[in-house]
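I have placed the structure first, in the form of structure tokens, so that the comments after it can refer back to it.
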Amino acid sequence: MFDRRLVQYFDWGLLGLIVLIGSIGMIALYSAVTAGNATPQQILYTKQLIWYGVGLTGMIAAFVINYKLLERWAHVIYFLCVALLVIVLIFGTFGGGSQRWLVLGPVSIQPSEIVKLAVIIVLARYYSKLATARGFTLRDLAQPLILTLIPFALIVKQPDLGTAMLLLLIAGSVTVFVKIERRSMAYIILSGLIAVPLVWFSLKAYQKRRILTFLDPDRDPLGAGYHIIQSKIAIGSGMLTGKGFLKGTQNALAFLPEQHTDFIFSVLAPEWGFAGVLFILLVLLLLIVWGLRIAHGCRDSFGTILAVGITAMLFWQVFINIGMVMGLMPVVGVPLPFISYGGSSVVTMMISVGILMGISMRRFMFE
Amino acid sequence: MRKYLKTADSDWFNQRLTGVMYCVVVAFAILVVRLFYLQIIEGHEYRRLSENNSIRLQSVDAPRGLILDRNGRLLVDNRPSFDLNIILKDAKPVDQTVARLAEYMQVPAEDLVAKIAPGGGVSSYKPVLLKQDIGRDALAAIEVHKFDLPGIVMLINPRRHYIFENSAAHLIGYMGEINNNELNCGDYPGCRVGDYIGKFGIERSYESVLRGQRGGRQVEVNVNGQVVRVLKTVRARPGKNIFLTIDYNLQQTTEKLLKDRAGAAVAMDPKTGEVLAMVSSPSFDQNMFVSGMSHEAWQALVTNPHRPLENKAIQAEYPPASTYKVVVALAALEEGLIDTETTYNCPGYHRFGDRVFRCWRRGGHGTVNVVRALAESCDVFFYNVGHELGVDTIARYARACGLGQPTGVSLANEANGLIPTTTWKVQRFGEPWQGGETLPVAIGQGYDLTTPIQMLMVTAAVANNGFINRPQLLKKIETADGQVVERGRILANGRLPASQQTLAIVKRGLWEVVNTDGGTARWARLAKIEMAGKTGTAQVVGRKKGEESIPEEEMEAHLKPHAWFLAYAPADDPAIAVTVIVEHGEHGSSAAAPIARDMIRTYLMEKYDPRQVASAESDKSEG
């Protein structure tokens, strides 16, 4: 079982990248929980470290185990995760307006994070068996659609619109990557173009207002609109070189909710300025490109699609989170990978990267 | 046959990957461009705004709905209150600012400091209230010295204004600060600590209608924390306006009539159930609750033996006394026990077993039938009838008339009253009912208890020939811009347990109370309007044996009986029903009936347009 080549081809670069990003995350978190708050919440910092520890174990397990096993166990993993989602709807605790956590003693987990990975795995398995050069027809897409919609609906019920949207984007990206047949794609786009206005007109006035407010935070100047303005001020105030470590959080950030989770980027930006944030963006871009490179190097379609799926998840979370705090996107709660505070997010990301490492390690091994 | 891609065809995948790569790069480019815009292009501006947290939120309270009478006469509105606040983070150095403020306002600095002391840990950008409702002079002084007082902000909040002090106080009610239980119970969504909600009366019953929706503003402030620009506003939505059914003219007149007495007077339109006036005396000034009253003032209200905070019209329970004879008469006729020919002889007393029960008229009424017994309020007639009926039958009819239970009028804390039955006595006292106890019950003494509004509902039901209408207080609800949202409806609580013949007989009796010699309310007769009614004199303390000879006039004031009068007019087509009770008023005929008469006169004169009379005269002169 234990092949010397595994160690030889171990992806140290990826590991180094993760360590770098993780460190950035801890620095940002430290700033978010100490300065600017009346009562520093040091405990969050310690908790995050612990989660990194747990995540590290998961990551090691993920690359030690052959990723091909995931293909075999895909459905089991999927059902387990969906079951967790159902459980959280029945027994979950409320927080931040939705019911998304399961509390097990001192630990609370968020099943919607892990479900993303489960959906990626199960889609990768399905697509790897059925991928053709021409692309998927609508009939082919029926099963993946259902596989995606079940957890989607459960997450929407919580309600956690951000993660639900994310799930759709990830699934969509993977599907488009493996190619949808041109005609089917046309049908999909066409039906979307027709359905959206139809649905819009059938909505009641207050529902329309809610959606518009969601899409344009400025329509809610006392709520989301205010948070985005404060976020933009925080980011913009960084200017070129930033205010310096721990010096950015005095003012605007005392008014950002979730500054250690969704808005953590707005803590980094004023302290490090354009120069620092550009660096961070480049590092994140590098991570994504690395994932794509691993996909490129992989010899089997399951591994390739799996790698693409995981990379898509990383990409979309980065894009949505940073886009949101800069006012480009509606306000949704999507964690920034490795940087936002959140045990389930950290562990899921570590396991995902572990899988990537596993794929990378085995690129010269054939069945 | 489909050509499945398996392991070998990685070229195809690689092509796709390149495409993905480009998309990713473009996405990041977008992010970088946006970042550049925020941090480099607009960087200066944002840096400026980030100093001092220049963009803030201010809350804008919604004006509460107005309360008006049925004709649109304004009874309660809102006025602006200037509240002085301090924002600690902007007011540095705090001591100096507070000292200066104390000087300008001519107020000892310690008072102001006391308000600030506790909230240290709270976000220091939140305004802390120093003084509510500062007067014009203080306002002027502070505005003039604005630049000397960083961190001092004036917030303008709407405050309740009860236009007519002491008037309709129990009906309209008052407001108070929301407490923790109310905040947590979920009945008051959108309310925060420090908000005022209706606690009594209409203000409470229609809280959700009257309360608007708070709004807010995004504002930019300068280094002193003072607003320099309003960026965005979310308008506060004013509450809806309530039109009550009361006629303020009648209400005011009635209040004058009851001014120096303790008691209650309620009036209703028998056809619709709309309450035309509701007065409870003594009253209080609701405006005292708006700005918070001193401990002494509150103690004075709470310990006053005449209980000014109680709405006697719905909360106070009294023995109905002779007014109850209406119910007993109705029961006896309907049960077929008696008819108009049945008579009893009243020699001034009635023997029952080994006890003697007296009639209020010493010499007795002689032989009377039910109509005369009502008109002259003969106790002996009803002792006889009551005994024949039995207490449980009386109770059955009384409950069917709506007594012994709340009427359902939309005010909190309505009392139930009490209609005794044999079962009740066993449960309450553990003893069986004695036959002799039915007799006082039949004349409305004994264990019976009713509220003025219950008796009003019964009076109105008799007046309109049998429909027991729930007393209504709401005429209509309108939005702030005049759109009618809801109208009051006639709600039936049931029908009187009596046929039209029975009612006709009872009504005849009630008419004779006022309009015949010998009727107990003959002095309350009106010239142009035919009124019908029933007097009642409710003993406050039972008279001991041997004390029965003490005339009532010589009793101490607080032992004198309460005076009731029920009335409706005009007798042939009633437009108003009235119930008056004067605590310790002694006789229903002398204390309560004149008040009812004047109320009716006021209301009907208004209704029967005096101009009609005038125009008839001018026609004559022209013709």
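Tabulated values for the structure
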item: Test result for B:Leu68, more than 9 Å from chain A (Cβ to nearest Cβ), under 30 Å from B:Ile197 (Cα atoms) and of a type in the set (A, V, I, L, M); result: yes
item: Hey, A:Ala295 facing chain B (nearest Cβ under 8 Å), over 29 Å from A:His227 (Cβ atoms) and among the small types (Gly, Ala, Ser) or not; result: yes
item: The lone exception for B:Gly536 - which of (1) modelled with pLDDT of 85 or more; (2) farther than 22 Å from B:Met599 by Cα; (3) not hydroxyl-bearing (Ser, Thr, Tyr) it fails; result: (2)
item: Residues of segment B:1-42 that turn out to be at pLDDT 85 or above and either within 23 Å of A:Trp272 (Cα to Cα) or more than 7 Å from every other protein chain (Cβ to nearest Cβ) (or both), as a count; result: 22
item: Selection within segment B:466-475 - surrounded by fewer than 17 Cβ atoms within 10 Å (Cβ to Cβ) and in a strand (DSSP E or B); result: none
item: Residue list for segment B:423-446, restricted to those being in contact with an Asp or Glu (Cβ under 8 Å, 6 or more places away or on another chain) and either among the charged types (D, E, K, R) or not in a helix (DSSP H, G or I) (or both); result: B:Lys425, B:Ile443, B:Gly446
item: Only one of B:Thr253, B:Thr340, B:Thr323 that is among the hydroxyl-bearing types (Ser, Thr, Tyr), assigned by TED's automatic domain parsing to the domain that holds B:Arg487 and assigned to a loop (DSSP other than H, G, I, E, B); result: B:Thr340
item: Hits in segment A:310-360 (condition: among the aromatic types (Phe, Trp, Tyr) and at pLDDT 90 or above); result: A:Phe315, A:Trp316, A:Phe319, A:Phe338
item: Of residues in segment B:43-60 being more than 7 Å from every other protein chain (Cβ to nearest Cβ) and crowded, with 17+ Cβ neighbours inside 10 Å, the one modelled with the lowest pLDDT; result: B:Ser54
item: Qualifying residue in segment A:127-140 (condition: among the aromatic types (Phe, Trp, Tyr), touching a strand residue (DSSP E or B) at 6+ places or on another chain (Cβ under 6 Å) and over 22 Å from A:Val331 (Cα atoms)); result: yes
item: Total residues in segment B:138-173, condition among the acidic types (Asp, Glu) and over 30 Å from B:Gly263 (Cα atoms); result: 2
item: Long-range neighbours under 8 Å by Cβ, at least six apart or interchain, first residue among the aromatic types (Phe, Trp, Tyr) within segment A:216-228, second part of a helix (DSSP H, G or I); result: A:Tyr226/A:Phe255
item: Breaking point among (1) surrounded by fewer than 13 Cβ atoms within 10 Å (Cβ to Cβ); (2) touching a Cys at 6+ places or on another chain (Cβ under 7 Å), for B:Phe429; result: (2)
item: So B:Val409, is it touching a residue at least 60 places away in the same chain (Cβ under 8 Å), of a type in the set (Val, Ile, Thr) and either part of a loop (DSSP other than H, G, I, E, B) or not assigned by TED's automatic domain parsing to the domain that holds B:Pro320 (or both); result: yes
item: Failed criterion for B:Tyr206 (all others in (1) within 30 Å of B:Ala91 (Cβ to Cβ); (2) touching a strand residue (DSSP E or B) at 6+ places or on another chain (Cβ under 7 Å) hold); result: (1)
item: Qualifying residue in segment B:115-130 (condition: more than 14 Å from every other protein chain (Cβ to nearest Cβ) and under 30 Å from B:Thr245 (Cα atoms)); result: no
item: Some residue of segment A:109-128 being more than 20 Å from A:Ile310 (Cβ to Cβ) and out of contact with any Leu (no Cβ under 9 Å at 6 or more places or on another chain); result: no
item: Which listed residue is closer than 30 Å to B:Thr254 by Cβ and either touching a helix residue (DSSP H, G or I) at 6+ places or on another chain (Cβ under 7 Å) or part of a loop (DSSP other than H, G, I, E, B) (or both), from B:Ala300, B:Ala313; result: B:Ala313
item: Residue among B:Asp137, B:Asp133 that is surrounded by fewer than 19 Cβ atoms within 10 Å (Cβ to Cβ) and part of a loop (DSSP other than H, G, I, E, B); result: B:Asp133
item: From the options A:Gly244, A:Gly236, A:Gly225, residue that is closer than 28 Å to A:Ile27 by Cα, within 12 Å of chain B (Cβ to nearest Cβ) and at pLDDT below 85; result: A:Gly225
item: Odd one out for B:Trp360 among (1) over 22 Å from B:Ser589 (Cβ atoms); (2) touching a residue at least 40 places away in the same chain (Cβ under 8 Å); result: (1)
item: Tally, over segment A:63-122, of residues that are in a strand (DSSP E or B) and of a type in the set (Ser, Thr, Tyr); result: 3
item: Selection within segment A:103-155 - of a type in the set (A, V, I, L, M, F, W, C) and within 14 Å of chain B (Cβ to nearest Cβ); result: A:Ala124, A:Leu130, A:Ala131, A:Ala133, A:Phe136
item: Hey, A:Leu198 in a helix (DSSP H, G or I), hydrophobic (A, V, I, L, M, F, W, C), away from chain B (no Cβ under 14 Å) and under 30 Å from A:Trp101 (Cβ atoms) or not; result: no
item: Filter result for B:Val513 (assigned to a strand (DSSP E or B), crowded, with 19+ Cβ neighbours inside 10 Å and either at pLDDT 90 or above or touching a Ser or Thr at 6+ places or on another chain (Cβ under 9 Å) (or both)); result: no
item: Any chance A:Ile170 is at pLDDT 85 or above, of a type in the set (Val, Ile, Thr) and assigned to a helix (DSSP H, G or I); result: yes
item: Residues (within 10 Å of another protein chain (Cβ to nearest Cβ) and farther than 19 Å from A:Leu15 by Cβ) located in segment A:277-292; result: A:Val277, A:Leu278, A:Leu281
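Yes or no, residue by residue, for (1) of a type outside the set (Asp, Glu); (2) within 30 Å of B:Glu255 (Cα to Cα); (3) outside the structural domain of B:Ile453 (by TED's automatic domain parsing):
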site: B:Leu171; (1), (2), (3): yes, yes, yes
site: B:Leu183; (1), (2), (3): yes, no, yes
site: B:Pro189; (1), (2), (3): yes, no, yes
site: B:Tyr196; (1), (2), (3): yes, yes, yes
site: B:Arg204; (1), (2), (3): yes, yes, yes
site: B:Glu207; (1), (2), (3): no, yes, yes
site: B:Arg214; (1), (2), (3): yes, no, yes
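The values are calculated or read from the model by the stated rules, or taken from the named source; none is laboratory data. The model shown is predicted, which means the values in this text are computed figures rather than measured ones. Using ideal geometry, Cβ is built from the backbone for each residue, glycine included, and neighbour counts are taken over all protein chains shown.
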